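I have placed the structure first, in the form of structure tokens, so that the comments after it can refer back to it.
Rule-based calculations on the coordinates, nothing more; no lab input. Please read all numbers here as calculations on a predicted model, not as lab measurements. As a convention, Cβ positions derive from the backbone with ideal geometry for all residues, glycine included, and neighbour counts pool all protein chains shown.
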Amino acid sequence: MYLLINVGYQFVGEVVIACNVLCSFPFITYKTAKKLNDILKQCLYLDNRYNTINSTSLANDIVKLSINNKHRMITYDVKDLYTNVPVDKTLKITEIQLLKNNDKHKTKQIITILKSILAQNYFTFHDTIYHPNKGVAMGYPISGTMAEIFLQHI
């Protein structure tokens, strides 16, 4: 099944041009989300000092720490992280962060595309297509960045 949707955007320098995109259903905005994710990473400053790339990197970082008996190591895991990301609040945080380093026009274009992408939050489970009413879809290119933006804000 193919759909013709008007959510595709092409970045030409500093200008965004709207264009129609023909996609198979499971990937309606996947490519656009992937491109926008790259753009967000360039336009936003995400302070990743508390993140790790993988368990090997974490182990190497921990070995370098000077720890005494008064120190405690604490780890946190957010239950159902992606489904609990408040999309509207995260969009507002993203807009504020973008305005720090970008002009209003570019910020508005990015936020408009981001809203369109996040509104099409579909996933499949056991051959059934779902559209959740909150959060971001797990496995979607932009979801990790949205979760990161929100978590760094709180």
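Structural remarks
- A Förster radius of 41 Å combined with the Cβ-Cβ distance from LYS134 to ASN68 puts the calculated FRET efficiency at roughly 0.40.
- Database remark: amide H of ALA137 closer than 5 angstrom to no amide H (H placed geometrically; neighbours at sequence offset of 5 or more, or on other chains; Pro and chain starts carry no H).
- Coil-residue trypsin sites (Lys or Arg not before Pro) of the stretch 63-97, DSSP, other Cβ within 10 Å capped at 14: LYS70, ARG72, LYS79
- 17 Å Cα-Cα reach of LYS106 towards lysines, excluding residues that sit fewer than 8 places from it in its own chain: LYS35, LYS41, LYS92, LYS115
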